[in-house]
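One structure below.
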Amino acid sequence: MTALTNPNLFVITGGPGSGKTALLRELEKNGFRCAPEVARQIIQEQVRSCGNAVPWANRERYTELMLKRSIQSYEEHSPSGRATFSDRGIPDTLGYARLIGLPDVRSILTACNQYRYASLVFLAPAWKEIYETDDERKQRFDEAERTCELVSQVYRDCGYHLLELPKVPSKDRADFVLSRLHLRT
């Protein structure tokens with residue numbers, strides 16, 4: 001199967017609680033289309049329906065749903081004639097699978113090769129000063145740091161170029177992203 005490439009779909013990745021969603025809200029305020037994080041949506045849906053496909057119960061099923069929904073999100077936002085931003089991407093699923101030690105990641109690797117984003121990926125580093133847990137985010141900060149390290153390595157392994165976001169307010173982060181892409185609001 002031929003790989004699909006969407007050079008206008010930019011991923012914003014990083015550890016949990018590193019300000020990705022706040023940055024995406026800021027980019028949306030500037031008129032850019034943004035794809036929400038599927039992992040958080042899955043957790044919310046599973047909790048509402050008393051399902052067990054959540055990171056603290058059936059992690060394998062949760063990973064399967066993450067992959068399926070990440071592919072759907074990619075397809076919903078492709079092709080894109082202008083810059084679109086995604087709160088995480090398919091390689092994040094591979095990062096999670098590696099984090100939990102999932103033994104068979106072949107389908108995830110295939111998807112990472114099949115569905116290609118813009119080559120430049122923005123990395124929100126672990127940021128202790130803004131890190132908070134909530135109903136969907138239960139990891140300790142050290143787990144968030146480890147997740148960030150793993151995810152950044154996965155993106156590099158998949159051939160993406162990472163650019164670390166500065167630890168500044170989300171409006172300034174949005175300006176940083178847009179200036180690196182030579183975009184105007």
For Gly31, are the conditions met, namely being out of contact with any helix residue (DSSP H, G or I) (no Cβ under 6 Å at 6 or more places or on another chain) and exposed (fewer than 14 other Cβ atoms within 10 Å of the Cβ)? yes
Restricting to segment 164-180, give me the number of residues that are more than 17 Å from the chain's Cα centre (by Cα), loosely packed, with under 15 Cβ neighbours inside 10 Å and touching a residue at least 12 places away in the same chain (Cβ under 8 Å). 2
Suppose we filter Asp104, Asp92 for residues that are out of contact with any Phe, Trp or Tyr (no Cβ under 6 Å at 6 or more places or on another chain) and outside any helix (DSSP H, G or I); which single one remains? Asp104
Residue by residue through segment 55-71, note down the ones that are within 24 Å of Leu109 (Cβ to Cβ) and either in contact with a His (Cβ under 6 Å, 6 or more places away or on another chain) or free of Cβ contacts under 8 Å to residues at least 12 places away in the same chain (or both). Asn58, Arg61, Glu64, Lys68
Being among the basic types (Lys, Arg), more than 17 Å from the chain's Cα centre (by Cα) and modelled with pLDDT of 95 or more: is that true of Arg140 here? no
Selection from segment 24-52 of residues that are out of contact with any strand residue (DSSP E or B) (no Cβ under 9 Å at 6 or more places or on another chain), touching a residue at least 12 places away in the same chain (Cβ under 8 Å), in a loop (DSSP other than H, G, I, E, B) and over 16 Å from Ser80 (Cα atoms): Asn30
So is Leu102 within 20 Å of Thr2 (Cα to Cα) and surrounded by fewer than 19 Cβ atoms within 10 Å (Cβ to Cβ) or not? no
Is segment 106-117 home to any residue that is in contact with a His (Cβ under 8 Å, 6 or more places away or on another chain), buried (at least 18 other Cβ atoms within 10 Å of the Cβ) and closer than 19 Å to Pro36 by Cα? no
Of the residues Thr21, Thr13, which single one is under 20 Å from Arg140 (Cα atoms), of a type in the set (Ser, Thr, Tyr), under 11 Å from the mean Cα position of the chain (by Cα) and assigned to a helix (DSSP H, G or I)? Thr21
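The values are calculated or read from the model by the stated rules, or taken from the named source; none is laboratory data. All values derive from a computational prediction rather than experimental measurement. In this analysis, Cβ positions are derived from the backbone assuming ideal geometry, glycine residues included, and neighbour counts consider all displayed protein chains.
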